[in-house]
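Colleague: First the structure, which I've put down as structure tokens, then a few questions once you've had a look.
What follows draws every value from the coordinates through simple rules; no lab data is involved. Predicted, not measured: the structure shown is a model, and the values here were computed from it. Please note: Cβ atoms are built from the backbone with ideal geometry, for glycine as well, and neighbour counts cover all protein chains shown.
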């Protein structure tokens with residue numbers, strides 16, 4: 001029994017999940033309205049976009065890489081989907097164009113990181129600028145209004161299944177799918193191996209470059225498709241859509257136990273991290289903390305999460321000296 | 001054979017000359033004294049932080065919280081002044097705030113042992129959040145004129161804005177320390193191999209602590225410049241500057257992997273970006289063109305050296321066959 005609990009506590013996602021339960025319980029007792037169905041809906045609706053991007057980001061972070069371009073990609077895709085729809089394109093075509101945009105950005109990132117062996121931080125910082133610049137140039141002052149949004153997409157954004165917003169179900173299904181893939185498929189296990197030790201993975205015959213390329217394409221593709229979710233969430237899109245999301249996404253992953261140093265973490269953790277950050281933001285509001293403190297608390301939470309992780313992992317095994325090759 | 005080798009930083013310097021010459025002949029008003037003054041003001045804050053960030057990246061670390069630290073310093077100045085503290089002391093408070101931000105980052109990285117990329121994403125949110133906590137929705141717009149005029153006017157009798165003094169003094173200081181002192185050599189040694197540096201007796205943790213503190217302090221200095229230039233302290237100032245600073249440093253030839261870089265390469269890089277921005281603006285290009293150009297230049301700065309390396313390796317392999 002005790003060893004079972006100890007085993008459970010060693011699962012990286014468990015402490016974050018306990019923190020989430022704690023936050024919800026404390027807030028709920030202090031302000032019962034937090035327990036209501038609308039409280040749940042607030043959290044799940046608000047978190048959907050970040051949760052989806054965090055699942056996507058997990059693929060690259062476990063490989064000790066990072067993709068900062070997702071905020072630009074998702075914003076551009078949301079605009080593209082709405083724009084095409086407003087010109088009469090059918091839904092499937094709109095979604096396909098969003099997907100292709102994401103795949104294109106992901107393939108560019110992947111090619112530069114995997115085959116030219118350039119640092120992903122620099123590459124994706126550049127593509128953040130390139131995609132955002134191109135997007136703004138095309139979008140100009142155009143705003144996609146709610147009448148331009150495809151009917152099906154705005155339906156998803158405003159309706160609920162079993163009391164939970166459709167957008168969160170999308171994130172949930174994606175999380176399960178990605179979780180199963182990363183747990184059971186050989187090529188996805190390679191990503192963990194690469195993140196733990198890139199040089200050794202090459203020596204044991206893992207096609208490091210090809211796997212790296214694939215992971216960036218997957219991240220880009222999910223970000224591209226998620227443009228539809230961003231569009232559904234706000235029912236509008238403009239040149240500034242998706243700005244600055246990248247750092248929130250990385251924060252969600254890190255809080256959820258996806259280690260920046262690579263080799264550790266799951267899509268489940270990434271989503272739990274995203275939900276925790278969102279729950280705390282809303283909890284502060286429910287507890288009457290002025291909203292101006294929310295971002296500061298998020299920062300403290302992120303730092304505490306990585307400090308705690310560091311402390312726990314230093315008890316498990318002797319400290320390793322790790323260098324970031326971000 | 002002692003032939004001239006074209007390194008990346010020399011290339012940037014040449015690019016700077018080329019863009020400036022093209023700009024002066026091809027773009028009206030580019031060479032005007034007003035425009036030169038404007039360019040220098042425009043790059044001021046980013047350059048000041050880039051000097052310190054270069055050290056940090058050469059040592060193999062990074063700080064994403066600089067823009068938030070800059071703005072927290074600005075917010076501190078605003079709040080202190082609003083509550084009756086003399087402006088001079090408010091500025092001191094702003095500088096100390098920047099230093100404190102850097103020390104917190106340094107503590108988390110060197111003492112707690114966390115990775116700087118993750119830590120400074122956290123403090124990016126924390127410091128920015130504190131700006132909102134301090135100021136709420138009330139930016140401070142009343143600042144004494146004799147101070148703010150330092151932010152937007154030129155040194156008397158010249159067309160150089162006052163920030164030029166800071167750029168020259170700090171530029172010289174950071175250049176000499178990085179390239180001509182033991183401390184500077186240690187920074188490179190740590191970036192090349194922190195373990196080897198440690199075993200050869202370099203106080204790695206303490207040196208990194210100093211670098212983080214220095215970056216925080218320079219963010220504080222930039223915060224003062226920013227506050228004076230806009231005569232205002234608002235919670236959402238300087239958003240996104242961190243990426244501009246890092247882009248400038250990397251474009252200046254500092255390797256993100258650590259151990260490589262020159263300070264004058266970084267200086268040339270900031271100037272190139274400032275000049276290109278000015279040329280684009282005067283030629284009626286939109287702000288988007290600048291985003292695209294920044295992204296493309298940053299990409300070229302990593303692709304170009306790698307490509308030439310690969311070509312060289314290919315040639316070697318061929319000649320040895």
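Colleague: Starting with the fewest neighbours, write out A:311, A:83 ranked by other beta-carbon atoms found within 10 Å of each beta-carbon.
Modeller: Working: A:311 11, A:83 18.
Final ranking by Cβ density, sparse to dense: A:311, A:83.
Colleague: Something else about it: With viscosity set to 0.692 mPa s and temperature to 37 °C, compute the Stokes-Einstein D of chain B, Rh being the Kirkwood radius across alpha carbon pairs; µm²/s, no decimals.
Modeller: Working: Rh = 20.6 Å.
Estimated via Stokes-Einstein, D reaches 159 µm²/s.
Colleague: State the dimensionless ratio Rg/Rh of the stretch A:148-252 (Rg: radius of gyration of Cα atoms; Rh: Kirkwood radius). All intermediate terms of the calculation are to be shown ahead of the outcome.
Modeller: Working: Rg = 17.4 Å, Rh = 16.2 Å.
Over the Cα atoms of the stretch A:148-252, Rg/Rh equals 1.08.
Colleague: Same structure, new question: Quick one: plug the Kirkwood hydrodynamic radius of the stretch A:11-316 (C-alpha pairs) into Stokes-Einstein at 4 °C, 1.567 mPa s, and report D in µm²/s. Display every interim value, and only then the final one.
Modeller: Working: Rh = 19.7 Å.
Diffusion coefficient, whole number: 66 µm²/s.
Colleague: What distance in nm separates the simple spin-label points at residue B:25 and residue B:83, each placed 7 Å from Cα in the Cβ direction?
Modeller: Roughly 5.9 nm, to one decimal.
Colleague: As a check on your grasp of the helix formula, calculate [θ] at 222 nm for chain A: sum -39500 (n - 2.57) over DSSP H runs of n ≥ 4, divide by the residue count, round to the nearest 500.
Modeller: On the way: 14 runs with 234 residues, N = 326.
Rounded to the nearest 500, it is -24000 deg cm²/dmol.
Colleague: Give, to the nearest whole percent, the P(r) tail of the stretch B:63-189 beyond 24 angstrom, counting all Cα pairs. Kindly include the intermediate steps, with their values, before the conclusion.
Modeller: On the way: 3642 of 8001 pairs.
So the portion of pairs separated by more than 24 Å is 46 percent.
Colleague: Once you average over the residues of B:283-292, how many Cβ atoms of partner chains fall within 10 Å of each Cβ?
Modeller: On the way: counts 0, 0, 1, 4, 3, 10, 3, 2, 11, 8.
Taking the mean over all residues of the peptide, I get 4.
Colleague: Can you give the mean number of other chain Cβ atoms that lie within 10 Å of the Cβ atoms in peptide B:299-305? Intermediate results must be reported in sequence, preceding the final value.
Modeller: Details: counts 10, 1, 2, 9, 6, 0, 1.
Average per residue, whole number: 4.
Colleague: If we count other beta carbons within 10 Å of each Cβ, what is the order of B:156, B:309, A:13, A:137, fewest first? Mind dumping the intermediate values first?
Modeller: On the way: B:156 6, B:309 12, A:13 19, A:137 16.
Ranking B:156, B:309, A:13, A:137 by Cβ neighbours within 10 Å, fewest first, gives B:156, B:309, A:137, A:13.
Colleague: I would also like to ask the following. Could you give the Stokes-Einstein D for the stretch A:1-160 in µm² per second, using the C-alpha Kirkwood radius, 25 °C, 0.890 mPa s? Working shown, then result.
Modeller: On the way: Rh = 19.0 Å.
Roughly 129 µm²/s, to the nearest whole number.
Colleague: For chain B, what relative contact order do you get, as a whole percent, if you take Cα pairs closer than 8 Å and at least 6 residues apart? Mind showing how you got there, number by number?
Modeller: Values: 511 pairs, mean separation 109.3, N = 321.
Rounded, it is 34 percent for chain B.
Colleague: Once you have the alpha carbon radius of gyration of the stretch B:133-222, what is it after dividing by 2.2 N^0.38 Å, with N set to its residue count? Could the numbers behind the result be given before it?
Modeller: Details: Rg = 19.2 Å, N = 90, 2.2 N^0.38 = 12.2 Å.
Normalised Cα radius of gyration, the stretch B:133-222: 1.58.
Colleague: Taking Cα pairs under 8 Å and at least six residues apart, what relative contact order does the stretch A:152-257 come out at, in percent? Can you show the working numbers first?
Modeller: Values: 50 pairs, mean separation 35.2, N = 106.
After rounding, I find 33 percent.
Colleague: Could you sort the peptides A:286-298, A:118-130, A:91-103 by per-residue average Cβ neighbour count (10 Å cutoff), highest mean leading?
Modeller: Highest to lowest by the protection proxy: A:118-130, A:91-103, A:286-298.
Colleague: Suppose R0 equals 51 Å; then what is the FRET efficiency for residue A:187 and residue B:152 from their Cβ-Cβ distance, rounded to the nearest 0.05?
Modeller: Numbers: r = 57 Å, r/R0 = 1.12.
Once the sixth-power term is evaluated, E becomes 0.35.
Colleague: When all alpha-carbon pairs of the stretch B:89-153 are counted, what percent fall beyond 16 Å? It would help to have the intermediate numbers written out before the result.
Modeller: Values: 1273 of 2080 pairs.
Everything past 16 Å amounts to 61 percent.
Colleague: Under a no-solvent Debye model with one identical scatterer per Cα of the protein assembly as shown, what's log10 I(q)/I(0) at q = 0.11 Å⁻¹?
Modeller: Log10 I(q)/I(0), no solvent term: -1.18.
Colleague: Within a 10 angstrom radius of the beta carbon, how do A:310, B:315 rank from fewest other beta carbons to most? Before the final figure, lay out the partial values.
Modeller: Numbers: A:310 17, B:315 10.
Ranking A:310, B:315 by Cβ neighbours within 10 Å, fewest first, gives B:315, A:310.
Colleague: Just the Cα atoms of the stretch B:166-321, one point each, no solvent: what log10 I(q)/I(0) does Debye give at q = 0.15, 0.20 Å⁻¹?
Modeller: Here the Debye-derived log intensity ratios amount to -1.02, -1.39.
Colleague: Enter the mean projected area of the convex hull around the alpha-carbon atoms of the stretch B:1-119, in nm², rounded to one decimal. Write down the numbers at each step before the final one.
Modeller: Working: hull surface 50.2 nm².
Seen from a random direction, the Cα hull of the stretch B:1-119 projects 12.5 nm² on average.
Colleague: What percent do you get for the relative contact order of chain A when only Cα pairs under 8 Å and 6+ apart count? Working shown, then result.
Modeller: Working: 553 pairs, mean separation 111.6, N = 326.
Contact order relative to length: 34 percent.
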